[in-house]
1. I need a count of the residues in the range 257-294 that are under 18 Å from residue 622 (Cβ atoms), in a helix (DSSP H, G or I), in contact (Cβ under 8 Å) with a residue 60 or more places away in the chain and over 17 Å from the mean Cα position of the chain (by Cα).
2. Does residue 454 count as crowded, with 18+ Cβ neighbours inside 10 Å, assigned by TED's automatic domain parsing to the domain that holds residue 610 and assigned to a strand (DSSP E or B)?
3. Restricting the search to the range 111-158, which residues are part of a strand (DSSP E or B) and either buried (at least 20 other Cβ atoms within 10 Å of the Cβ) or under 41 Å from the mean Cα position of the chain (by Cα) (or both)?
4. Could you tell me which residue of the range 436-446 is surrounded by the most Cβ atoms within 10 Å (Cβ to Cβ), considering only residues that are part of a loop (DSSP other than H, G, I, E, B) and in contact with a strand residue (DSSP E or B) (Cβ under 8 Å, 6 or more places away or on another chain)?
5. With the condition kept exactly as written, say whether any residue in the range 418-435 is surrounded by fewer than 21 Cβ atoms within 10 Å (Cβ to Cβ), free of Cβ contacts under 8 Å to residues at least 24 places away in the same chain and either in a strand (DSSP E or B) or not assigned by TED's automatic domain parsing to the domain that holds residue 525 (or both).
6. So which helices (runs of 4 or more DSSP H) stay within the range 495-556 end to end and still have 1 or more residues that are crowded, with 21+ Cβ neighbours inside 10 Å and under 33 Å from the mean Cα position of the chain (by Cα)?
7. Just checking, which of 613, 636, 652, 603 is more than 14 Å from the chain's Cα centre (by Cα) and farther than 24 Å from residue 438 by Cβ?
8. Identify the single condition in (1) over 23 Å from residue 605 (Cβ atoms); (2) surrounded by 18 or more Cβ atoms within 10 Å (Cβ to Cβ); (3) within 31 Å of the chain's Cα centre (by Cα); (4) in contact (Cβ under 8 Å) with a residue 60 or more places away in the chain that residue 401 does not satisfy, given that it satisfies every other one.
């Protein structure tokens, strides 16, 4: 770690520069990632003690551990400003007055078998003065910039955590009810593994030197003492990383909430926790994002999952329909899967101190690792299992919705409409892209299963060469492929973080749901389209039950009246790779997208390849200016039209 003199550090603080250093000649660590009116001290976390002092102790190692709150500093990693004493409080007690900084007794225990020397006392007093000099400099800067500050002193609390609260929040002044209430409310909502997050609050029963110093020199700084039960460490003093991480996040959220309550009280205007959080992307986020983008190259699922011999196998199948089992072939994977996973999990995600962004990148890395498992297993017996892990399977509600739609009577106006060939479709899409301000290519292809598909990397819309579509279907396809898939690709490319181009967890569900929603809002969602989505759901269920291509095809033809060609297309989509369950997500994704659209603004979902569960996070990042608002929005989103009454009724019945 970088070491600075006290004078050097003071100059950096006065210049409002971020720092992460140890003070030369002491074991005090100062980390400032963002100048905001929230400071956390861990003054009892230290365990370092000179050999000379250690030899003079009369207490046992167990008694010493109870006095030293080891591990507490691990809980502060997500906070913006931390002061951590790595020197044991046995060697320098920063909560005591300077003259008593080398204590004779602590918590009723006589510490020394042989009294410390005068030189030892002098060193402790020097470290004590050094800490308070630096604290004064920091608080003067924060109070000058903000007019107030919250200082939280973090310690361990005694007692059996199974029968007592995990957190205890203590105020040091009677005028702090809002501060205590805000902090306690968030802590009680914390999600801790296998443990209820109980919290109690109250007034501190005794003053210490830290509080007295603040009262004398920094009256604008309010102090809270926060005690955490040792539920994140085991009997051998080792860390439980998952629990420590959960507590770290809860401290981040609760203390920012407390600081916001204090700011509101001090400024007489509403201040939220988001207002106090960083307004620029930290460099560690940008570094991880850049490295992740590089590692994600070559992991496009559809590039590898689409059979290379699809056209030939379709012809072979149609010579003997319902009896020939297609033998699909696939592209070779261009990555070393083991090495790729290893590199993914070596990315320094834990250097990211923003908890939401840290968790986002952890989630994306896990998702990419699962995608590698999926790609490696294409064409093997393991593929279906990996597909279920990645995309899931239809629920009972999904199947019920699908069967309901399949029982609807056909609409005559759909069956009698004129159909247009692929070359006329490409001209139509090209005009639409130009009208919507989307810079992209439109190309014909004979290597795709769908009527049209966006290639995000190439910024191209590919149209199946032998497809036909009605005018209404072309409008729907334009709003689906260009209006959502291309729009989100272009929006993602404009973002400072490229993670939005890679695909967040659940992005397939969200992307396809938003795309069907776009078809509905433009007024061109047809009953045929709804039935196709429903057929995909029942076909996925059939595939999972029997794993037989011909049986799925016959079910579509004999039970649901599909044409031979349409049945082959749906069956091939679902059986490719060895059992591809993705297609059940279109209908459930539409249901969720429609529900969210009816509840409020969902424009944040269009910034890239996002997921429904991340809507709140995206809105927070937008409000902090860390990401850009969507450059493009679907035309149907901006100008929704009313669907035909029978379509609106059927959609309203989807549960």
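The values are calculated or read from the model by the stated rules, or taken from the named source; none is laboratory data. As the structure is a computational prediction, the values presented were derived from the model and not from experiment. Methodologically, a virtual Cβ is constructed for each residue, glycine included, from the backbone with ideal geometry; neighbour enumeration extends over all protein chains shown.
1. Matching residues across the range 257-294 total 1.
2. yes
3. 149, 150, 151, 152, 153, 154, 155, 156
4. Here the answer is 440.
5. No, there is no match, as no residue in the range 418-435 is surrounded by fewer than 21 Cβ atoms within 10 Å (Cβ to Cβ), free of Cβ contacts under 8 Å to residues at least 24 places away in the same chain and either in a strand (DSSP E or B) or not assigned by TED's automatic domain parsing to the domain that holds residue 525 (or both).
6. 499-502, 507-521, 527-546
7. After ruling out the rest, the residue left standing is 652.
8. (1)
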